[in-house]
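What follows is a structure written as structure tokens; I'll ask about it next.
The values are calculated or read from the model by the stated rules, or taken from the named source; none is laboratory data. Just so it is clear, the model here is predicted, and its values are computed rather than measured. Cβ: placed from backbone, ideal geometry, glycine included. Neighbour counts: every protein chain shown.
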Protein chains: 2
Amino acid sequence: MINKRSPIPIYYQLEELIKDMIEKGTLKKGDMIPPEREYAEKYEISRMTVRQALNNLVNDGYLSRVKGKGTFVENRKIEQPLMGLTSFTEDMVSRGLEPRTKLLHLLKKEASASESEKLKIKQGAPVYEVKRIRLADDEPMALETMFLSAELVGELKEEVVNGSLYQYFEESLGYSIVNARQGLEASIVRKSEREYLNVPSGSPVLLIERTSYLADGKPLEFVKSIYRADRYKFLIDMNREGN
Amino acid sequence: MINKRSPIPIYYQLEELIKDMIEKGTLKKGDMIPPEREYAEKYEISRMTVRQALNNLVNDGYLSRVKGKGTFVENRKIEQPLMGLTSFTEDMVSRGLEPRTKLLHLLKKEASASESEKLKIKQGAPVYEVKRIRLADDEPMALETMFLSAELVGELKEEVVNGSLYQYFEESLGYSIVNARQGLEASIVRKSEREYLNVPSGSPVLLIERTSYLADGKPLEFVKSIYRADRYKFLIDMNREGN
DNA sequence: TAAGTCTATTGGTCTAGACAACTAGAATTT
DNA sequence: AAATTCTAGTTGTCTAGACCAATAGACTTA
């Protein structure tokens with residue numbers, strides 16, 4: 001449970017413990033969590049330490065406090081990593097659809113002029129081009145072409161490309177996307193795309209281009225996606241913090 | 001400076017005190033602020049109380065801490081209006097185009113079921129429906145239909161509707177939009193829209209629906225826009241603060 | 001019945017320390 | 001001169017309390 005002799009701070013251990021329960025659904029939105037004093041007694045730690053853990057979870061949007069009542073589980077939605085920027089996988093799951101990916105090709109090549117410009121690398125530098133069909137409930141949802149600087153991502157194997165690349169970047173490479181720029185426009189499906197998307201000629205599609213940036217400002221990826229308009233609506237919430 | 005007998009929490013007083021110095025420029029970016037123990041001694045308060053103040057400022061992006069070195073002033077977050085949410089007028093200007101608006105109609109009516117739901121008002125409550133053609137460099141760019149609760153905006157005159165409504169809301173009514181939810185999808189232009197947008201049959205269009213919320217959570221407006229895909233690309237930047 | 005009062009429980013603020021971990025520069029040793 | 005060690009100063013973690021403020025339900029009173 002909680003290891004007081006661990007070099008990992010107690011408040012952090014408690015934080016992860018509660019966060020897990022929220023993410024696993026043991027604690028649902030609106031539930032009241034045990035009072036601070038109870039945590040303190042149960043784990044034989046100071047209440048201030050409990051509060052440090054809870055404060056962090058409140059700041060991250062997992063919990064909210066009400067004086068005199070208790071501390072309650074919030075909608076995990078707020079914790080979205082980057083507003084409006086979710087991976088296809090997460091996006092589909094949140095819509096109640098089952099995501100799947102079909103790899104069309106994965107190739108390593110020299111960066112073209114436009115690719116090098118987007119990724120801010122030298123022309124001719126090695127890049128990966130990953131082209132995939134994204135399915136939801138086994139029906140094509142989007143056609144996606146992603147460009148990655150080979151220097152940043154190292155060797156890219158087929159197994160990796162079949163899953164969620166974001167997860168791979170975060171968990172295996174330790175990269176964290178902090179900025180993204182997207183462009184969205186409407187268009188008509190091209191002939192070459194029709195066979196992949198399985199739509200009739202003349203169908204509308206949503207073109208999404210995204211460049212994602214790491215903390216140091218380097219672009220990690222450039223992605224062009226073509227979404228079926230009959231199946232996909234791009235949703236985005238925006239807000240500014242108080243003050 | 002700091003009043004220990006005030007009902008205002010000490011940590012909050014200290015917070016405001018430091019925040020003021022940052023905003024007034026007494027403390028500049030990169031400056032190291034006095035060590036926690038110094039604040040504690042100077043104001044005769046506990047170091048934990050100082051830390052509570054500093055923690056809040058760190059969370060708000062005013063300060064950053066470096067273990068073993070000190071606490072430093074950060075670049076004060078730029079007060080972005082609302083990421084990705086600019087008025088048509090601002091949007092066009094930033095693209096180097098000259099915005100113009102042509103009013104199609106301005107009418108007051110009773111809210112339909114869907115309108116009342118979007119605006120969170122009672123069905124049958126008075127709403128304004130404003131339908132406008134948005135032009136850029138005198139060429140149609142979008143067709144826009146906006147719904148507003150009459151109770152919130154009071155009387156809406158034609159003169160007002162011909163300019164930037166956002167400006168009117170902010171400056172004349174004192175409303176400030178803090179949240180917005182947008183949905184974007186691709187479609188094919190409808191026959192009824194073609195004459196306004198001046199595009200051939202079968203042309204792709206970008207449908208944008210937006211609901212804007214005030215600080216108290218009330219929706220101020222619900223807007224449906226139809227943009228010409230051949231002229232308009234929706235651009236959005238996203239970022240998350242530190243972490 | 002209705003209104004007011006008490007009480008237990010909750011989170012909010014605050015103290016006065018302790019020791020750990022990290023940084024940078026000074027002092028020492030090799 | 002270079003490498004190592006020491007030291008002062010910083011933030012980070014944690015304790016074991018104290019009292020305040022808000023809530024909700026039980027209880028009392030008019």
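With the checklist (1) within 14 Å of chain A (Cβ to nearest Cβ); (2) more than 9 Å from DNA strand D (Cβ to nearest atom) in hand, flag the one item residue B:46 doesn't pass.
Only one criterion is unmet by residue B:46, namely (2).
If the Cβ limit is 9 Å and pairs must be 6+ apart or interchain, which residue in segment B:44-60 that is without any contact (Cβ under 8 Å) to a residue 40 or more places away in the chain pairs with which residue that is among the aromatic types (Phe, Trp, Tyr) and away from DNA strand C (no atom under 11 Å from the Cβ)?
That search, which allows pairs on different chains as well, returns nothing.
If you don't mind, another one. From A:30, A:25, grab the single residue that is out of contact with any Phe, Trp or Tyr (no Cβ under 9 Å at 6 or more places or on another chain), assigned to a loop (DSSP other than H, G, I, E, B) and small (Gly, Ala, Ser).
Residue meeting the stated conditions: A:25.
Among the residues of segment A:55-68, write down those that are over 9 Å from residue A:11 (Cβ atoms) and either within 34 Å of the chain's Cα centre (by Cα) or outside the structural domain of residue A:16 (by TED's automatic domain parsing) (or both).
Within segment A:55-68, A:57, A:58, A:59, A:60, A:61, A:62, A:63, A:64, A:65, A:66, A:67 meet the criteria.
Here's a check for you: in segment B:152-191, which residue that is of a type in the set (Asp, Glu) and more than 21 Å from the chain's Cα centre (by Cα) is nearest to residue B:216 (Cα to Cα)?
Quick first cut of segment B:152-191, residues of a type in the set (Asp, Glu) only: B:155, B:158-159, B:170-171, B:185.
Of the ones still in play, those that are also more than 21 Å from the chain's Cα centre (by Cα) are B:155, B:158-159, B:185.
Values: B:155: 21, B:158: 28, B:159: 28, B:185: 28 Å.
For segment B:152-191, the residue satisfying everything is B:155.
Look through segment A:33-43, keep the residues that are in contact (Cβ under 8 Å) with a residue 12 or more places away in the chain and not in a helix (DSSP H, G or I), and return whichever of them is nearest to DNA strand D (Cβ to nearest atom).
Among them, the one singled out is A:35.
While we're looking at this one, here's another question. Inspect segment B:60-68 for any residue being within 14 Å of another protein chain (Cβ to nearest Cβ), near DNA strand C (Cβ under 10 Å from one of its atoms) and surrounded by fewer than 18 Cβ atoms within 10 Å (Cβ to Cβ) and give the result as yes or no.
Among the residues of segment B:60-68, at least one is within 14 Å of another protein chain (Cβ to nearest Cβ), near DNA strand C (Cβ under 10 Å from one of its atoms) and surrounded by fewer than 18 Cβ atoms within 10 Å (Cβ to Cβ), which makes the answer yes.
Answer yes if at least one residue in segment A:21-39 is outside the structural domain of residue A:142 (by TED's automatic domain parsing), at pLDDT below 90, more than 16 Å from DNA strand C (Cβ to nearest atom) and of a type in the set (Asp, Glu), and no otherwise.
Yes, that holds for at least one residue.
Picking from B:52, B:13, which residue would you name as being within 15 Å of DNA strand C (Cβ to nearest atom), within 13 Å of chain A (Cβ to nearest Cβ), modelled with pLDDT of 95 or more and assigned to a helix (DSSP H, G or I)?
On the way: B:13 fails: within 13 Å of chain A (Cβ to nearest Cβ).
Step by step, each of B:52, B:13 is checked, and only B:52 is within 15 Å of DNA strand C (Cβ to nearest atom), within 13 Å of chain A (Cβ to nearest Cβ), modelled with pLDDT of 95 or more and assigned to a helix (DSSP H, G or I).
Would you point out which residue out of B:159, B:170, B:193 is at pLDDT below 85, within 14 Å of another protein chain (Cβ to nearest Cβ) and in a helix (DSSP H, G or I)?
After ruling out the rest, the residue left standing is B:170.
Something else: Based on what the data block shows, is residue B:212 part of a strand (DSSP E or B), more than 21 Å from residue B:135 (Cβ to Cβ) and either polar (S, T, N, Q) or modelled with pLDDT of 95 or more (or both)?
In short, yes.
Here's a follow-up. Please go through segment A:204-243 and pick out each residue that is farther than 12 Å from residue A:141 by Cα, small (Gly, Ala, Ser) and facing chain B (nearest Cβ under 8 Å).
A:242
Of the conditions (1) without any contact (Cβ under 8 Å) to a residue 60 or more places away in the chain; (2) away from chain A (no Cβ under 14 Å), residue B:89 clears all except one; give me its number.
(1)
Among the residues of segment A:170-228, count how many are β-branched (Val, Ile, Thr) and more than 19 Å from residue A:92 (Cα to Cα).
Residues flagged as β-branched (Val, Ile, Thr) and more than 19 Å from residue A:92 (Cα to Cα) within segment A:170-228 amount to 6.
So which of A:8, A:2 ends up being outside any helix (DSSP H, G or I), touching a Phe, Trp or Tyr at 6+ places or on another chain (Cβ under 6 Å) and at pLDDT below 95?
A:2
Further question on the same structure: Surrounded by 21 or more Cβ atoms within 10 Å (Cβ to Cβ) and in contact with a Phe, Trp or Tyr (Cβ under 7 Å, 6 or more places away or on another chain): is that true of residue B:186 in this structure?
Values: surrounded by 21 or more Cβ atoms within 10 Å (Cβ to Cβ): yes; in contact with a Phe, Trp or Tyr (Cβ under 7 Å, 6 or more places away or on another chain): no.
Answer is no for this residue.
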